[in-house]
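To start, the structure itself, in structure tokens.
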Amino acid sequence: MRITGIESHVLQYDLDEPLGYSQQYFTKRTAHLVQVSTDDGITGWGECFGAGPVALANRTIVEAVIQPMLLGRDPFDREAIWHHVYNMLRDHGQKGMPIQALSGVDIALWDIAGKALGQPLWRLLGGRCRERIPVYGYGMMLQPVPDLEARFAAEAAAIEAMGFTAMKMKVGHGVKADIGLVEATRRAIRHETRLMVDANHCYTTPDAFAVGRALEDLDIFWFEEPVAPEDRDGYRRLRDGLRLNIAGGEAEFTRYGWRDLLASGCLDIAQPEVCALGGISEFQKVMALAQSHFVPVVNHVWGSSIAVAVNLHLLTAQPPMPGGLHPFEPMLEFDTTPNRFRDDLAIEPLAIQAQVAANAGTATAPDRPGIGVEPDPDFLRHYAVG
Ligand code: CA
């Protein structure tokens, strides 16, 4: 089997209401899918992290830079291909967009392997460590409205009513306002429901301490990206000084970046992003690093149903750590805000919301060969940009 072409599909549509996090509001939703074609008719699908103009730039890296290196190669040569592309791009970026672009291509090669072998991805990754994955509802995004506390409270109650037993909210309006937002959200849900808080690296370390001390009293399960990802010392100080889990890592790349992040003792919970850090091949190496540092992994997930399915497979195959009758269990991060790329892109939907409602807040990876998500060609045409 030989690779005959690589095509990026950047999809976009206008949101009804702007949604945001601590760095910006956005008015469009974007997805960047990668399609790898072969001479025996098998097509693999992958996805690259990166929204808006970043997706358009990554498309150029995929099609103009990476594609010529792969044409004519055997798609089963995933490791050889990964290292060839990385070595050729190393001088031009060991993190960020070149690695995001490589991620989508690598994921598509795994999809091809699964389809060629007739096996679901989780089986290629070492088999099933768990059948049901707890799913947490990602919502409560920032909006430029005066009644955000009331909106967050209503949204949190709605996510709980959908059957989620854990959820995550954004902060980013400043220390005092953020504590108010978390208090309003916590009050709106049951005591047993897990609540996580994501700052998207908006605080100085002193401000993160001020918010973190309030979060300790509000029974928050983790405090995500409290300070800038480069601020390893800030992470370490927060981890030493706060009585709650410090989570992060979505902005880190490859085994090399993760080696240093984990060795620096920055994290209680690691959140590697498979569509950014280098794809499935590299995720497995980051997973081994996290295991070797005894840091639990709860995958970062963003994007379409392809990214969701890839992460379901990774979580299915994730080894327990450290093990026990009631070990730490990872969760699937799942966007509960309006998202057509999650709901309508796949020919056979994953139906995560229906699974969550029917199965006590959990979901199961698809059993179809490869990733198990085939994008609807009409949908791709309809939402294509540029
Ligand atoms: Ca985050």
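The values are calculated or read from the model by the stated rules, or taken from the named source; none is laboratory data. Here the structure is a predicted model, which is why all the values come from computation and not from measurement. For neighbour counting, all protein chains shown are included, and Cβ atoms are generated from backbone atoms with ideal geometry for every residue, glycine included.
Miscellaneous remarks
- Residue match in the stretch 278-286 (condition: of a type in the set (Lys, Arg), outside any loop (DSSP other than H, G, I, E, B) and in contact (Cβ under 8 Å) with a residue 12 or more places away in the chain): yes
- With respect to the conditions (1) among the β-branched types (Val, Ile, Thr); (2) within 18 Å of Phe49 (Cα to Cα); (3) crowded, with 20+ Cβ neighbours inside 10 Å, Ile352 lacks only one, and its number is (2).
- Meets criteria (within 16 Å of the ligand (Cβ to nearest atom) and farther than 14 Å from Leu102 by Cα) for Gly52: no
- Selected residue (only one of Val274, Val211 is buried (at least 21 other Cβ atoms within 10 Å of the Cβ) and either in contact with a strand residue (DSSP E or B) (Cβ under 7 Å, 6 or more places away or on another chain) or over 30 Å from Ile107 (Cβ atoms) (or both)): Val211
- So Leu121, is it surrounded by fewer than 23 Cβ atoms within 10 Å (Cβ to Cβ) and more than 21 Å from Arg381 (Cα to Cα): no
- Residue within the stretch 274-282 that is away from the ligand (no atom under 16 Å from the Cβ), of a type outside the set (Gly, Ala, Ser) and not assigned by TED's automatic domain parsing to the domain that holds Ile112 present: yes
- Residues in the stretch 74-94 that are surrounded by fewer than 16 Cβ atoms within 10 Å (Cβ to Cβ) and not aliphatic (A, V, I, L, M): Asp74, Phe76, Asp77, Glu79, His83, His84, Asn87, Arg90, Asp91, His92, Gly93, Gln94.
- Given (1) at positive phi; (2) away from the ligand (no atom under 16 Å from the Cβ), index of the condition Gly303 fails: (2)
- The listed residues are Tyr235, Tyr203, and the only one of them that is of a type in the set (Ser, Thr, Tyr), over 16 Å from Val175 (Cα atoms), within 16 Å of the ligand (Cβ to nearest atom) and buried (at least 21 other Cβ atoms within 10 Å of the Cβ) turns out to be Tyr235.
- Residue ID - surrounded by the most Cβ atoms within 10 Å (Cβ to Cβ), chosen from residues in the stretch 259-271 that are on the phi < 0 side of the Ramachandran plot and more than 16 Å from the ligand (Cβ to nearest atom): Leu262
Okay, residues lined up against (1) away from the ligand (no atom under 16 Å from the Cβ); (2) assigned to a helix (DSSP H, G or I); (3) aliphatic (A, V, I, L, M); (4) out of contact with any Cys (no Cβ under 9 Å at 6 or more places or on another chain):
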| site | (1), (2), (3), (4) |
| --- | --- |
| Met1 | yes, no, yes, yes |
| Asp16 | yes, no, no, yes |
| Thr30 | yes, no, no, yes |
| Val36 | yes, no, yes, yes |
| Gly46 | yes, no, no, no |
| Glu63 | yes, yes, no, yes |
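- In the stretch 162-172 there is at least one residue that is at positive phi and within 16 Å of the ligand (Cβ to nearest atom).
- Condition check for Ala184: surrounded by fewer than 17 Cβ atoms within 10 Å (Cβ to Cβ), more than 16 Å from the ligand (Cβ to nearest atom) and not assigned by TED's automatic domain parsing to the domain that holds Gly20: no
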